[in-house]
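First the structure, which I've put down as C-alpha cells, then a few questions once you've had a look.
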Amino acid sequence: MPAVASFRARASAPAPEMPSFSSGASPQKQQHNARRKQLIRQQRKSLPIASVEKRLVDEVRKNDTLIVVGETGSGKTTQLPQFLYDGGFCQDGKVIGITQPRRVAAVTVAKRVAEECNDQLGRKVGYSIRFDDSTSNATRIKYMTDGLLLREALLDPLLSKYSVIVVDEAHERTVHTDVLLGLLKKVQHSRCLHANKNGKISGRPDHSQSSTLKACQGIKIAPLKLIIMSASLDAKCFSDYFGGAKAVHIQGRQYPVDTLYTYQPESDYLDATLVTIFQIHLEEGPGDILAFLTGQEEIESLERLIQERARQFPADSSKIWITPIYSSLPSEQQMNAFKPAPSGARKVVLATNIAETSVTIPGIKYVIDPGMVKARAYNPVTGMESLIIIPVSKAQALQRSGRAGREGPGKCFRLFQECEFDKLAESTIPEIKRCNLANVVLQLKALGIDDIIGFDFMEKPSR
C-alpha cells in the first residue's frame, strides 16, 4: 500500500444544503408518514429562501426577467417553483418549466418536490428527460433537461404552454444552456409583442422576428416570465445580457469546511484518491465520502481497486459501500447514491462533476478533490472534437468543497498543493467557446433561426 498522503489544512465555509429524501411513504405506516410530513414542513420552513417567498413572487410579477442568485443550500431549486404555483402562475392550465443541465438532477428534484407537495410523481409535479417522461395533463410544475426544452421549441416555437420558465444551474454555461438563453430571449420578446396585440398572434409576423422564429398563428398568448438561477455570486453577466434585469441574492446556510492540501504534488491522482479514501475510513469519524473523478472509466477502475483493498481488511472491520454516479449510468443505479449506507458501513460516492452543484447527496462529510475534470475541446485545424482532462477552475473547486458542509462541519481533501489552487482559472470557459458548433448551427436552423451569425449568444463563439 502506498504511503498515506499528508495534508495541511486551511479552513473555509461553503454553504450547506438541505438533505435529499427518497420519495413516498408506505400507507401502512401512518405514524411514520405523519412524522415525515412534519419533518418536510420543518425542512421547508428552515430554508433561507422561505423568508423571502413573498418578495420573490412579487419580483416575478413585476419583472419579466429575474436573476436569482442563491448560495448552495438556499432551497431555490425546490422551493421557488412551489412559491410561483401558490402565487397563481399556473392559472388557465399554464405550466412552470424548470430546466436542468443534467438528467439525474431533473429526476431527483422532481421526486423531492412531489413528496413536498404530498402528491404522486407525474401529477402536479413531474419530470421529462430523454427516454423517460413522468408528466401528465395535470402536471403544472415540470422539471426537464435544457436539451428537451429546445426540442419542445421545434413543435411550439413560442413555448405557449409555459407561463414561467426557470433556467437552473445557468452558471454551468453548457452549449444547450447558452442556446436556450438566446432562444428564450427571442421567445420572450415575441410573446410580449403578440400579447400587446390583444393577446393574438398576428397573421403577419413581425419582420424583426421572422428570421428567428417561425410564425405561430391564431394562438392565444401571454408574456413569458423568465427566471435565471445561478449558484455563482456574479450575476452581472446574466443581468447585462437581459438588458439590466434585476438580480435577487439569497443567502445560504453556512457550515465550516476544513480544506486540506497535499505537501507535495501527486503524480497519480487516482492512486492518491484510493489512499485518501482509506485514510479517512480508518482515521476519521463517521460520515460518508464523496470523491470526484473525471469519468466512467476512472470510476469503475477505482471501484475495483477499493474492493480489492477492502478484502484485505479483517472480516469484523467496518465496511465500505461504494455507489458510483455519472451521466451514462442508468437512473435506477444513480439513485443508490442517495440512499443511506447499510448499518455498520460507510458510503463512498464516486462521482463526476455531476455532483458539484446539480444534486445534493445526503450524509456527505468528506470530499476528495483531485482537481481535474473532463471537458470538451475542439481543434479547428484537424476539425476534431475530443474530451480532455484539464484542471478545474477555482469556482468548481469551491463548489466541490462545499459538498462537505451541507449537513454539518466537514473536510475537503484537495490532492494538490495550495500554490496550485492559486494558479487555477477563476471560472470555467463556456462550452460554446471550446466545442464544435456544427450541431448548434443545425439546431438553430431547425428552430427557424436563419441568421446564425447574428444570433444573440450570451458570449459569441469565435468564427
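The values are calculated or read from the model by the stated rules, or taken from the named source; none is laboratory data. Just so we're clear, the structure is a prediction, and the values are computed from it rather than from any experiment. Because the Cβ atoms are built from the backbone with ideal geometry, glycine has one as well, and the counts that use them run over all protein chains shown.
What is the number of the single condition among (1) surrounded by fewer than 17 Cβ atoms within 10 Å (Cβ to Cβ); (2) part of a loop (DSSP other than H, G, I, E, B) that residue 362 does not meet?
With respect to (1) surrounded by fewer than 17 Cβ atoms within 10 Å (Cβ to Cβ); (2) part of a loop (DSSP other than H, G, I, E, B), residue 362 is out only on (1).
Further question on the same structure: Which condition from (1) touching a strand residue (DSSP E or B) at 6+ places or on another chain (Cβ under 6 Å); (2) not in a strand (DSSP E or B) is the one that residue 316 breaks?
Evaluating residue 316 over (1) touching a strand residue (DSSP E or B) at 6+ places or on another chain (Cβ under 6 Å); (2) not in a strand (DSSP E or B) leaves (1) as the failure.
Regarding segment 365-376, can at least one residue be identified that is hydroxyl-bearing (Ser, Thr, Tyr) and assigned to a loop (DSSP other than H, G, I, E, B)?
Filtering segment 365-376 for residues hydroxyl-bearing (Ser, Thr, Tyr) gives 366.
Okay, now just the ones that are also assigned to a loop (DSSP other than H, G, I, E, B), so none.
There is no residue in segment 365-376 that is hydroxyl-bearing (Ser, Thr, Tyr) and assigned to a loop (DSSP other than H, G, I, E, B).
Those residues that are in contact with a strand residue (DSSP E or B) (Cβ under 7 Å, 6 or more places away or on another chain) and either crowded, with 22+ Cβ neighbours inside 10 Å or not in a loop (DSSP other than H, G, I, E, B) (or both), I need them from segment 160-176; list them, please.
Going through segment 160-176, the residues in contact with a strand residue (DSSP E or B) (Cβ under 7 Å, 6 or more places away or on another chain) turn out to be 161-171.
If the condition is that a residue be in contact with a strand residue (DSSP E or B) (Cβ under 7 Å, 6 or more places away or on another chain) and either crowded, with 22+ Cβ neighbours inside 10 Å or not in a loop (DSSP other than H, G, I, E, B) (or both), then 162, 163, 164, 165, 166, 167, 168, 169, 170, 171 are the ones that fit.
Oh, and also: Do the conditions hold for residue 408, that is, is it surrounded by fewer than 21 Cβ atoms within 10 Å (Cβ to Cβ) and either of a type outside the set (A, V, I, L, M, F, W, C) or without any contact (Cβ under 8 Å) to a residue 60 or more places away in the chain (or both)? Steps first, please.
Working: surrounded by fewer than 21 Cβ atoms within 10 Å (Cβ to Cβ): yes; either of a type outside the set (A, V, I, L, M, F, W, C) or without any contact (Cβ under 8 Å) to a residue 60 or more places away in the chain (or both): yes.
The answer is yes for residue 408.
Another question, if that's okay. Just name the residue that is farthest from the chain's Cα centre (by Cα) out of those in segment 308-321 that are under 22 Å from residue 361 (Cα atoms) and surrounded by fewer than 19 Cβ atoms within 10 Å (Cβ to Cβ). Lay out the reasoning, then the answer.
Kept after step one, since they are under 22 Å from residue 361 (Cα atoms), are these residues of segment 308-321: 318-321.
Checking the rest, the ones that are also surrounded by fewer than 19 Cβ atoms within 10 Å (Cβ to Cβ) come to 318-319, 321.
On the way: 318: 33, 319: 31, 321: 25 Å.
Only one residue fits best here, namely 318.
To continue, here is another question. Looking at this structure, is residue 349 crowded, with 19+ Cβ neighbours inside 10 Å, assigned to a loop (DSSP other than H, G, I, E, B), hydrophobic (A, V, I, L, M, F, W, C) and touching a Ser or Thr at 6+ places or on another chain (Cβ under 8 Å)?
Values: crowded, with 19+ Cβ neighbours inside 10 Å: yes; assigned to a loop (DSSP other than H, G, I, E, B): no; hydrophobic (A, V, I, L, M, F, W, C): yes; touching a Ser or Thr at 6+ places or on another chain (Cβ under 8 Å): yes.
Here the answer is no, as residue 349 does not meet what is asked.
Answer yes if at least one residue in segment 435-454 is touching a helix residue (DSSP H, G or I) at 6+ places or on another chain (Cβ under 9 Å), at negative phi and basic (Lys, Arg), and no otherwise.
no
Given the criteria surrounded by fewer than 19 Cβ atoms within 10 Å (Cβ to Cβ), closer than 21 Å to residue 191 by Cβ and either in the same structural domain as residue 334 (by TED's automatic domain parsing) or within 20 Å of the chain's Cα centre (by Cα) (or both), does residue 130 qualify? So that I can check it myself, show each step before the final result.
On the way: surrounded by fewer than 19 Cβ atoms within 10 Å (Cβ to Cβ): yes; closer than 21 Å to residue 191 by Cβ: no; either in the same structural domain as residue 334 (by TED's automatic domain parsing) or within 20 Å of the chain's Cα centre (by Cα) (or both): yes.
In short, no.
Quick test for you: out of 138, 153, pick the one residue that is assigned by TED's automatic domain parsing to the domain that holds residue 224, more than 19 Å from residue 183 (Cα to Cα) and not charged (D, E, K, R). Talk me through it step by step, then tell me what you get.
Details: 153 fails: more than 19 Å from residue 183 (Cα to Cα).
Of 138, 153, the one residue that is assigned by TED's automatic domain parsing to the domain that holds residue 224, more than 19 Å from residue 183 (Cα to Cα) and not charged (D, E, K, R) is 138.
Could you list all residues from segment 344-376 that are modelled with pLDDT of 90 or more and either of a type in the set (Ser, Thr, Tyr) or assigned by TED's automatic domain parsing to the domain that holds residue 99 (or both)?
352, 366
Sticking with this structure for a sec: Contact list please: Cβ distance under 6 Å, first residue in segment 420-434 and touching a residue at least 60 places away in the same chain (Cβ under 8 Å), second residue aliphatic (A, V, I, L, M), pairs at least six apart or on different chains.
These pairs meet every condition: 427/395; 431/175; 432/175.
Return the total of residues in segment 380-435 being in a helix (DSSP H, G or I) and not charged (D, E, K, R).
12
For the condition within 19 Å of residue 286 (Cα to Cα) and touching a residue at least 40 places away in the same chain (Cβ under 8 Å), what is the one hit in 322, 306, 354?
Only one candidate qualifies: 306.
May I ask you to say which residue of 458, 384 is in contact (Cβ under 8 Å) with a residue 12 or more places away in the chain, among the aliphatic types (A, V, I, L, M) and out of contact with any His (no Cβ under 6 Å at 6 or more places or on another chain)?
Details: 384 fails: in contact (Cβ under 8 Å) with a residue 12 or more places away in the chain.
Answer to the selection: 458.
Inspect all residues belonging to segment 57-70 and state whether any of them is small (Gly, Ala, Ser), at pLDDT below 95 and over 15 Å from residue 248 (Cβ atoms). If you could, list the steps in order and put the result at the bottom.
Within segment 57-70, the first condition is being small (Gly, Ala, Ser), and the residues that meet it are 70.
Applying the additional criterion that residues be at pLDDT below 95 yields 70.
After this cut, where a residue has to be over 15 Å from residue 248 (Cβ atoms) as well, the list is none.
For segment 57-70, residues small (Gly, Ala, Ser), at pLDDT below 95 and over 15 Å from residue 248 (Cβ atoms): absent.
If you check 60, 52, 104, which single one turns out to be over 21 Å from the mean Cα position of the chain (by Cα), part of a helix (DSSP H, G or I), in contact (Cβ under 8 Å) with a residue 40 or more places away in the chain and within 24 Å of residue 172 (Cα to Cα)?
The match here is 60.
OK, next. Take the residues of segment 276-307 that are of a type in the set (A, V, I, L, M) and assigned to a helix (DSSP H, G or I): which is farthest from the chain's Cα centre (by Cα)?
The selected residue is 282.
Then there is this: For residue 122, all conditions in the list (1) in a helix (DSSP H, G or I); (2) touching a helix residue (DSSP H, G or I) at 6+ places or on another chain (Cβ under 9 Å); (3) small (Gly, Ala, Ser) hold save one; what is the number of the exception?
Going through (1) in a helix (DSSP H, G or I); (2) touching a helix residue (DSSP H, G or I) at 6+ places or on another chain (Cβ under 9 Å); (3) small (Gly, Ala, Ser) one by one, residue 122 breaks only (1).
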